[in-house]
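One structure is given below, encoded as structure tokens.
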Amino acid sequence: MKHLPHSHRSSSSSSSSSLQQYQYMTRQLVTLFCCTLSICSITSVSSASASLRGRTSDGLELEHEQQLTTTHHPNNPDASRRKRRVQASNDHVSYVDVIGSCNYENVLLAYTDVHGSSSAAMAALTGHLGVSEASVSSAVAAACAGASPLATETIPFDKLAFQGKQFDQNFMDSGSNNDMAKARIHRAYDNGVMNYEISWPGDYISQFQDCPQRAVMCCRMGEEVSSSDDQVCSMDIQRAALSNYLEVGPFRGGYTMFHSGTTAQCTGFAWSNDPDDFTNKYRGNTLFEISLLEGAAVDGKNVPGAPMCGCLSSMPTVTSSKCVTVKEGYRFTFSSMDEQLRVSFQVQVVPCEDTNGNEIGLVDHYASLVSQDVASSTELKQLEKRIVGKDNCDVSLSQEWFLQKGTYWWDYDIDKWTPFAGKDDYYEHFGMGSREEFVSLFDSSPNKIVRRICRQCWETHRDIYYKRITPVPTTLDLYDNLLNNWLSVDNTLNVDFELYSSYEDALASQNKWTFCNYDHEGVGFPRDCGPEGYIPSNWASFSPEKRGKRRILFLVEK
């Protein structure tokens with residue numbers, strides 16, 4: 001028996017039939033789900049074991065009646081793919097997934113998990129490698145030497161289910177699926193898609209366009225979904241307006257509040273702010289595993305009003321969420337047809353753990369990222385507004401905008417604030433105060449704070465506080481800057497002014513916004529500024545066309 005340290009390595013065979021079989025198996029491991037790359041065509045699909053027929057790049061005719069299949073556990077997430085080092089097999093091929101660096105200790109641990117005992121693992125490993133027990137350690141090292149990440153290849157996310165980009169959007173919104181998609185998703189996984197980097201789908205799936213906390217969560221409900229302690233508290237419809245297609249009431253928003261005991265199975269992940277970090281580079285792989293791959297095994301539906309999967313900023317408020325993370329891994333694939341072992345790089349998605357090896361939830365995992373300086377404490381606070389902790393649904397509801405102190409969030413204290421410009425039906429009666437009136441009000445403001453209320457904006461932009469920290473020069477028209485043309489000259493974030501999401505934060509100078517852009521003619525405050533990053537489409541202008549968001553009110557602190 002022989003081993004091949006890398007799946008691209010060729011094999012010699014004495015017969016044409018053996019050569020064709022080997023070439024097929026090699027291409028099956030390397031080329032990746034050839035049907036999704038339009039190399040093969042599907043002749044029949046009744047399960048994940050689909051019949052394929054096609055032609056390779058050198059013209060070799062291929063036909064294979066059985067794909068690699070893996071045992072699925074639809075009602076037990078702890079026995080799912082991301083938990084296991086499971087051996088998948090058919091009549092000719094089996095594989096073992098190794099988590100962590102490719103070395104003897106990790107390989108033996110993976111084989112032991114599969115075969116149940118160290119003696120059985122050693123017997124299988126020596127058999128696959130074709131060496132004695134005394135030589136197995138050096139043989140593993142040789143097998144690992146040629147396996148490394150395939151950095152030159154990136155798999156487009158829309159080629160995984162291969163049902164079109166609209167299918168992917170609908171799936172992430174509601175969990176809608178079909179047997180054809182499930183078969184292709186399973187085949188993509190079993191044929192080695194995790195050997196490669198999977199692209200991020202933010203260019204075409206709305207809820208992944210911007211992830212300010214660099215965190216994603218999937219929450220599933222339904223009869224086939226296992227019981228869970230993840231309680232659903234509420235959903236602000238506006239968070240996911242681009243995926244739920246709902247415009248509720250005159251304020252283009254609304255809330256769903258859930259009865260005590262309403263649960264969903266939630267799983268999330270987060271990634272480092274370092275673009276070269278493994279968790280950042282392979283976040284598309286992690287998303288594939290907890291969304292499409294999990295959805296191919298479990299028929300679940302979205303929480304009403306929320307997408308099934310999305311960046312945390314678009315998801316419902318829940319009490320808890322399980323957590324997975326991505327790690328370096330390797331797949332040891334053995335073919336009984338040619339009795340050879342092939343080793344390839346394989347991204348592994350595994351449960352998050354603390355330093356003692358205990359599984360932890362998404363909040364605790366994110367706290368560990370903060371301690372490693374790859375996430376911020378401000379980002380953690382934002383995450384904790386979505387994942388509020390056991391028995392804290394009532395507390396989170398009392399903090400929602402519409403229940404604060406028994407008043408609507410857009411109410412304001414007339415003894416504290418003076419309106420100076422209002423837009424559209426709810427605020428037009430305020431009109432537009434003159435520039436001179438605004439300057440007089442602003443000069444009298446004790447803390448030089450301007451407040452903007454927007455009843456049509458996203459949650460992050462409904463109530464914003466502009467706090468001036470340098471004198472306003474005579475060359476700056478702050479009145480026009482706020483209402484019509486948001487410019488950067490003498491008006492730079494955290495140099496000339498600061499932005500906050502609450503008056504209390506503005507007074508305490510805490511939780512400052514961190515991102516702003518400017519200088520687009522006719523686009524007023526705050527263009528695409530955001531608490532932690534770029535957030536578009538929440539600006540307004542007052543003249544001459546009154547573009548952008550409606551139902552806007554500007555006020556000055558008294």
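The values are calculated or read from the model by the stated rules, or taken from the named source; none is laboratory data. Here the structure is a predicted model, which means the values were calculated and not measured. When we count neighbours, we look across all protein chains shown, and the Cβ atoms used for this are built from the backbone with ideal geometry, even at glycine. Heavy atoms of the whole protein, side chains included, go into the accessibility calculation; ligands, DNA and RNA do not. Shrake-Rupley method; radii C 1.70, N 1.55, O 1.52, S 1.80 Å.
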> Can you give me the Cα centroid spacing of the range 96-153 and the range 518-535 in angstrom?
Replying inline: 53
> Hey, quick one: spin label on Gln166, modelled 7 Å out along Cα-Cβ, who in the range 185-229 has an amide N within reach, i.e. under 16 Å?
Replying inline: 204-206
> Once a ≥ b ≥ c are taken as the square roots of the eigenvalues of the Cα gyration tensor of the range 290-373, is the result rounded (a/c under 1.5), prolate (a/b larger than b/c) or oblate (a/b not larger than b/c)?
Replying inline: oblate
> How much solvent-accessible surface does Cys352 expose, in Å² to the nearest 10, with a 1.4 Å probe and all protein chains in place?
Replying inline: 0
>> Show me, for the range 468-485, the HN-Hα J-couplings you get by feeding each phi into the Karplus relation (A = 6.51, B = -1.76, C = 1.60, θ = phi - 60°), rounded to Hz, glycine and proline as x.
In response: 7, 10, 10, x, 7, x, 5, 7, 9, 8, 5, 4, 5, 4, 6, 8, 9, 9
> If the viscosity is 1.567 mPa s and the temperature 4 °C, what translational diffusion coefficient in µm²/s does Stokes-Einstein give for the range 442-557 when Rh comes from Kirkwood over Cα pairs?
Replying inline: 93
>> Tell me the carbon and sulfur percent of the accessible area for the range 248-391, rounded to whole percent, probe radius 1.4 Å.
In response: 46
> At a probe radius of 1.4 Å, what is the per-residue accessible area of Ser376, in Å² to the nearest 10?
Replying inline: 40
> From the Cα gyration tensor of the range 422-510, with a ≥ b ≥ c the square roots of its eigenvalues, which class applies: rounded if a/c is under 1.5, or else prolate if a/b is larger than b/c, or else oblate?
Replying inline: oblate
> Per residue, how many Å² of accessible area does the range 433-558 show with a 1.4 Å probe?
Replying inline: 41
> Any idea what the alpha-carbon Rg over 2.2 N^0.38 Å comes to for the range 108-169?
Replying inline: 1.77
> Mean shadow of the range 275-330, computed from the convex hull of its alpha carbons, in nm²?
Replying inline: 5.1
> Can you tell which of Trp458, Trp486, Asn517 lies farthest toward the positive end of the dipole of the range 443-522, using +1 and -1 charges on the Cβ of basic and acidic side chains (Lys, Arg; Asp, Glu)?
Replying inline: Trp458
> Among all the lysines, which ones have a C-alpha under 30 Å from Lys467's C-alpha, if same-chain residues fewer than 8 places away are not counted?
Replying inline: Lys381, Lys385, Lys405, Lys416, Lys423, Lys448, Lys512, Lys546, Lys549, Lys558
